[in-house]
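Everything below concerns the one structure shown next.
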Amino acid sequence: MKREITSWYSPSLEKEMPIVTYGDYGFALLLVPTASADYLEYERFQLIDHIAPYINAGKVKVFSIDSVNKETWMDKGADPRYKSYRHQQWNNYVYNEVIPFIKSNTSPETPIITCGASFGSLHSMNLFLKRPDIINGVIAMSGVHDLTEYTDGYFDDNVYFNSPMHYIPNLADHIILEQIRSSRHIHILTGSGAYEDPAANGRFAKVLYDKGISYELDIWGAEWKHDWPTWKAMLPHYLGTRF
């Protein structure tokens with residue numbers, strides 16, 4: 001498997017930001033790490049090994065990026081206004097720097113699907129829903145798509161506009177809604193075991209349904225808990241059966 005690490009100084013975040021790429025061809029899968037983790041998390045926990053057959057076959061080219069969660073919602077001592085502002089800066093980094101990087105390493109026509117587990121699921125869903133003009137779909141594993149779960153009661157415009165449970169019910173822009181509705185790949189996946197929240201995923205699916213947005217909600221059984229064995233089973237299954 002071809003593996004390359006690239007890094008550049010991000011104007012959006014004013015810091016060096018690395019990205020790792022796996023494979024040569026296929027649609028682009030943009031992986032967003034969980035909680036306080038980094039761009040190599042999915043490799044360390046062997047998820048990349050589990051999807052290697054699809055990478056090696058040229059079905060998918062994977063791009064895994066860093067988050068700034070340790071500077072935002074995982075930093076309990078930081079000013080919440082700074083955290084919400086920093087979150088928006090990270091969005092700008094993805095839209096204005098990562099997406100062009102992916103396009104330059106694939107082609108302008110290559111579909112981009114965001115994907116993440118746990119907190120990465122929320123980020124992945126949010127990135128897609130805010131910019132369906134440049135991102136084509138999402139695989140959201142074991143997420144709770146309500147940012148206020150992480151903000152300790154803080155709420156401002158940046159929290160609202162990065163919390164799909166809040167802004168999607170009020171989304172009225174016809175063009176953006178039609179771009180979201182045109183996606184064939186909105187996959188909401190969760191287990192029913194320890195630390196999973198299938199009810200929250202059901203509530204979010206209802207929000208999409210009420211806006212006329214098609215999606216797939218797949219709730220796995222009680223043996224699937226909020227942990228890596230679940231995600232290492234989910235992602236290869238979906239790459240093999242839905243793409």
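Numbers at a glance
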| read-out | value |
| --- | --- |
| Residue in region 92-103 that is acidic (D, E) and under 17 Å from the mean Cα position of the chain (by Cα) present | yes |
| Residues being in a helix (DSSP H, G or I), farther than 20 Å from E41 by Cβ and touching a strand residue (DSSP E or B) at 6+ places or on another chain (Cβ under 9 Å) - total across region 98-126 | 2 |
| Filtered residue count, region 168-180, keeping only those that are assigned to a helix (DSSP H, G or I) and in contact (Cβ under 8 Å) with a residue 12 or more places away in the chain | 6 |
| Number of positions in region 58-77 that are assigned to a loop (DSSP other than H, G, I, E, B) and either free of Cβ contacts under 8 Å to residues at least 24 places away in the same chain or of a type in the set (D, E) (or both) | 4 |
| Residue selected from region 181-198 under the condition without any contact (Cβ under 8 Å) to a residue 40 or more places away in the chain and in contact with a helix residue (DSSP H, G or I) (Cβ under 8 Å, 6 or more places away or on another chain), by the criterion nearest to R131 (Cα to Cα) | S192 |
| Looking only at region 186-213, and only at residues there that are closer than 25 Å to N136 by Cβ and touching a Lys or Arg at 6+ places or on another chain (Cβ under 7 Å), the one that is surrounded by the most Cβ atoms within 10 Å (Cβ to Cβ) | H187 |
| Options T110, T72, T114; residue that is among the β-branched types (V, I, T) and surrounded by fewer than 18 Cβ atoms within 10 Å (Cβ to Cβ) | T110 |
| Conditions (1) farther than 25 Å from D66 by Cβ; (2) within 12 Å of the chain's Cα centre (by Cα); (3) not acidic (D, E); number of the one not met by H187 | (1) |
| Region 127-150, residues that are surrounded by fewer than 19 Cβ atoms within 10 Å (Cβ to Cβ), in contact with a strand residue (DSSP E or B) (Cβ under 8 Å, 6 or more places away or on another chain) and in a helix (DSSP H, G or I) | none |
| Per-region count, region 2-24, residues exposed (fewer than 13 other Cβ atoms within 10 Å of the Cβ) and of a type outside the set (D, E, K, R) | 6 |
| Any hit, region 14-23, residues being in contact (Cβ under 8 Å) with a residue 12 or more places away in the chain, part of a loop (DSSP other than H, G, I, E, B) and closer than 22 Å to T110 by Cα | yes |
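Here is a yes/no grid of residues against (1) of a type outside the set (D, E, K, R); (2) at pLDDT 95 or above; (3) under 25 Å from P33 (Cβ atoms):
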position: R131; (1), (2), (3): no, yes, yes
position: T148; (1), (2), (3): yes, yes, yes
position: D157; (1), (2), (3): no, yes, no
position: F161; (1), (2), (3): yes, yes, yes
position: E178; (1), (2), (3): no, yes, no
position: A205; (1), (2), (3): yes, yes, yes
position: K211; (1), (2), (3): no, yes, no
position: S214; (1), (2), (3): yes, yes, no
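The values are calculated or read from the model by the stated rules, or taken from the named source; none is laboratory data. Quick caveat: nothing in here was measured; it's all calculated off a predicted structure. Methodologically, a virtual Cβ is constructed for each residue, glycine included, from the backbone with ideal geometry; neighbour enumeration extends over all protein chains shown.
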